[in-house]
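The structure under discussion appears below in the form of structure tokens.
Just so you know, all these numbers are worked out from the coordinates, no wet-lab data involved. Worth saying up front: this structure is predicted, and the values here are computed from it rather than measured. In this analysis, Cβ positions are derived from the backbone assuming ideal geometry, glycine residues included, and neighbour counts consider all displayed protein chains.
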Ligand code: GLU
Ligand code: ZN
């Protein structure tokens with residue numbers, strides 16, 4: 001493949017705990033996809049939410065990625081260092097935004113936000129900031145799921161861009177960062193529901209969205225996604241080559257058996273054989289034995 005410096009993929013872990021097989025699959029998929037296109041791969045640590053950050057998790061994640069040969073082509077990026085860009089975006093969105101003082105209780109009976117605070121244009125203490133959503137249809141093409149269309153008003157309603165506690169909401173931070181430099185977002189289908197909202201924000205900010213591919217997510221046999229909450233086991237870095245082989249196996253990519261293949265050799269095989277169109281629609285359930 002021809003190198004193409006303009007193409008940039010990313011892996012954006014939240015430092016809530018160590019990497020597990022599910023996150024390795026996402027990392028490997030985003031890495032192989034962009035490398036197969038000749039592009040570069042960027043690691044961004046999504047460390048915007050202090051209450052959810054686990055001490056030492058960033059370091060542990062980066063160590064695990066390196067042990068698996070997954071090295072960022074650009075300096076590691078941290079969302080916590082982007083507040084200027086997020087504030088800029090918040091300011092730019094002022095004409096479309098309003099301040100919401102609704103409590104959780106006031107909203108619990110509504111499927112989408114009922115528009116109660118729409119006329120509130122003055123910032124107040126402990127108010128969240130929402131984007132006014134009217135009849136906005138968002139269409140995009142997902143490289144795995146095909147043509148998608150969402151009616152934001154019906155499906156999402158006025159959504160939050162800055163939380164009550166002052167933190168930038170995930171959707172705004174991700175929209176700003178992805179639109180700034182990323183050309184290809186490969187991530188789990190659990191995040192699919194955020195895509196239309198993120199594209200809408202990029203459009204309001206006059207930015208062009210990346211191309212998306214949402215890959216199937218690794219689950220336990222009961223269908224639950226692997227996560228820190230349900231005690232998905234942390235990856236063991238001393239068996240990185242085995243972990244990578246397993247990650248490819250889950251993705252339906254069965255490489256030649258060869259115990260001597262290094263981590264780099266395995267990744268190179270993955271890059272050479274990468275084909276989004278051949279991914280299974282569902283991954284086999286996680287087995288701790290693999
Ligand atoms: N940081 C998010 C997570 O770990 C992923 C962000 C994204 O890929 O959009 O769930
Ligand atoms: Zn409100």
Under a point spin-label approximation (7 Å from Cα along Cα-to-Cβ), what is the residue 167-residue 288 distance to one decimal in nm? 2.9
Using the Kirkwood radius over Cα pairs of the range 78-233, the Stokes-Einstein translational diffusion coefficient at 10 °C and 1.306 mPa s, in µm²/s and rounded to a whole number, is 94
Relative to the compact globular guide of 2.2 N^0.38 Å, what is the alpha carbon radius of gyration of the chain, as a ratio? 1.05
Note on the range 39-94: alpha-carbon gyration tensor, axes a ≥ b ≥ c; rule is a/c under 1.5 for rounded, else prolate if a/b larger than b/c, else oblate; result oblate
Placing one equal point scatterer on each C-alpha of the range 219-269 and summing with Debye, one gets log10 I(q)/I(0) at q = 0.18, 0.25, 0.26, 0.28 Å⁻¹ equal to -0.68, -0.99, -1.02, -1.09
In a GNM of the chain with a 10 Å cut-off on Cα contacts, which of 123, 51, 280 has the highest mean-square fluctuation? 51
Under 14 Å from the 7 Å Cα→Cβ point of residue 63, by amide nitrogen: which residues of the range 5-49? 17-19
To test your reading of the geometry: what angle, between 0 and 90 degrees and rounded to tens, separates the Cα axis of helix 21-36 from the longest principal axis of the chain? 80
Neighbour-count ranking for 35, 228 (other C-beta within 10 angstrom, fewest to most) reads 228, 35
In degrees rounded to 10, the 0-90 angle between helix 263-272 Cα long axis and the longest Cα principal axis of the chain is 70
Just from the alpha-carbon atoms, what are the Rg and Dmax of the range 143-290 in angstroms? 18.3, 54
When the distances between all Cα atoms of the range 45-141 are binned every 10 Å from zero, what whole-number percent does each bin get? 12, 27, 29, 21, 11, 0
Quick one: angle between helix 240-250 and the longest Cα principal axis of the chain, in degrees between 0 and 90, rounded to 10, please. 70
